[in-house]
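The values are calculated or read from the model by the stated rules, or taken from the named source; none is laboratory data. Everything numeric here is computed off the predicted structure, so don't read it as measured data. A quick note on method: Cβ atoms are made from the backbone with ideal geometry, for glycine too, and the neighbour counts reach across all protein chains shown. Remember, those area values only see protein heavy atoms, side chains included, never the ligands or the DNA or RNA. Shrake-Rupley method; radii C 1.70, N 1.55, O 1.52, S 1.80 Å.
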Amino acid sequence: MKNLAWKSIYYGKKSLLWIVYLLFAIYICYLVTSSQALGAKIIFGSLGCIVLSIVILFEYLKNLYEKMIYALTVDCDLKKAVALKQKLQKKDLFNGFKQSIIIFDSLFLLDEGSYATCLEHLHKNQHFFHSTLDYLFIYYHTQMYCYSFLKDEENLESCLEKLFKLKNAKKKQMNNLFSWNEITGMRYFHQNRNKKCLSELDLIDKNRLNNRELTYVLYLKGHCLLKLNETSEGYRLLKEAKALGNTLAVAQLNERGGI
């Protein structure tokens with residue numbers, strides 16, 4: 001029901017936008033046909049065509065971008081997501097989606113299991129990620145999972161400290177891109193405070209998570225349960241994460257892979 005409501009709003013906005021574009025095109029046609037001077041006709045026609053061409057190109061690229069994000073976060077299909085990314089980059093003549101691609105690449109490299117490469121990508125683009133609080137949140141959150149999978153406890157703890165400083169200092173200025181219960185749960189997990197980890201993960205509103213995010217939460221929770229010797233439920237959650245995560249690297253790891 002919730003997905004139906006969101007889709008209705010989404011397609012409603014899209015329809016309204018295209019109605020506006022259509023009205024603009026009709027108005028340009030009116031100006032061209034009603035103008036007496038040839039020069040005016042050429043100017044109005046040329047400007048109208050340029051504006052409409054740019055708008056249509058942008059909407060086309062935006063549609064590709066949305067499909068790319070959907071493929072990664074909902075379908076969890078890495079092959080499809082990267083194919084759409086390549087198509088977007090090829091068609092993006094003005095590099096208008098360059099920054100969005102930087103963020104996408106950080107998520108993709110993590111999901112692909114290229115943790116060291118992902119950290120290099122984050123470091124290479126750290127100036128960009130430090131440009132807004134939301135980007136910085138993505139930066140540290142992605143680092144958190146990379147260091148966790150690499151079992152780099154020292155850098156993981158440093159990353160978690162930076163995340164909590166960000167939370168305490170700037171919480172009101174950030175969007176809720178990720179769950180703080182998930183981040184707290186990750187800290188407890190690596191401190192072997194597994195019951196506290198479970199308590200934090202149970203507080204997460206799963207209805208607000210996309211399939212990609214939920215896969216990581218299920219994987220973390222599954223391994224937490226295994227450490228508590230609740231093997232039946234732990235394996236069940238890992239199996240659920242594998243089915244939901246599709247081609248994500250985290251979904252391909254077995255129960256011994258750890259986090």
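Here is a check on your reading of the model: is residue 191 within 17 Å of residue 107 (Cα to Cα), open to solvent by 20 Å² or more (accessible area, probe 1.4 Å) and modelled with pLDDT of 95 or more?
When the stated conditions are applied, residue 191 does not pass them.
Restrict the check to segment 95-113 and report whether at least one residue is open to solvent by 40 Å² or more (accessible area, probe 1.4 Å), farther than 21 Å from residue 69 by Cα, under 20 Å from the mean Cα position of the chain (by Cα) and at pLDDT below 95. No - not one qualifying residue is present in segment 95-113. When segment 194-229 is filtered for residues that are of a type in the set (D, E, K, R) and either part of a helix (DSSP H, G or I) or surrounded by 14 or more Cβ atoms within 10 Å (Cβ to Cβ) (or both), the ones remaining, listed by number, are 195, 196, 200, 202, 206, 208, 212, 213, 221, 227. Scanning segment 114-132 for residues that are surrounded by 17 or more Cβ atoms within 10 Å (Cβ to Cβ), of a type outside the set (A, V, I, L, M, F, W, C) and more than 24 Å from residue 64 (Cβ to Cβ) returns a single hit, 115. Cβ-Cβ under 6 Å, sequence separation 6+ or interchain: first residue in segment 227-240 and within 22 Å of residue 190 (Cα to Cα), partner of a type in the set (D, E, K, R). Which pairs? Correct list of pairs: 237/221; 238/255. Candidates 130, 141: the one that is in contact with a Phe, Trp or Tyr (Cβ under 8 Å, 6 or more places away or on another chain), under 20 Å from residue 209 (Cβ atoms) and without any contact (Cβ under 8 Å) to a residue 60 or more places away in the chain is 141. Which of the residues that make up segment 133-146 are within 20 Å of residue 117 (Cβ to Cβ) and either charged (D, E, K, R) or open to solvent by 40 Å² or more (accessible area, probe 1.4 Å) (or both)? The one that is within 20 Å of residue 117 (Cβ to Cβ) and either charged (D, E, K, R) or open to solvent by 40 Å² or more (accessible area, probe 1.4 Å) (or both): 135.
Among the residues of segment 70-84, the one identified as among the small types (Gly, Ala, Ser) and either on the phi > 0 side of the Ramachandran plot or touching a Phe, Trp or Tyr at 6+ places or on another chain (Cβ under 8 Å) (or both) is 81.
Residues are listed down the side, and each one gets a yes or a no for (1) closer than 22 Å to residue 134 by Cβ; (2) out of contact with any strand residue (DSSP E or B) (no Cβ under 6 Å at 6 or more places or on another chain); (3) not polar (S, T, N, Q):
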{"residue": "187", "(1), (2), (3)": "yes, yes, yes"}
{"residue": "194", "(1), (2), (3)": "no, yes, no"}
{"residue": "197", "(1), (2), (3)": "no, yes, yes"}
{"residue": "204", "(1), (2), (3)": "yes, yes, yes"}
{"residue": "210", "(1), (2), (3)": "yes, yes, no"}
{"residue": "218", "(1), (2), (3)": "no, yes, yes"}
{"residue": "228", "(1), (2), (3)": "no, yes, yes"}
{"residue": "241", "(1), (2), (3)": "no, yes, yes"}
{"residue": "249", "(1), (2), (3)": "no, yes, yes"}
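Applying the criterion of at least 1 residues that are at pLDDT below 95, aliphatic (A, V, I, L, M) and open to solvent by 70 Å² or more (accessible area, probe 1.4 Å) to the helices (runs of 4 or more DSSP H) found wholly in segment 1-93 leaves 2-34, 38-73.
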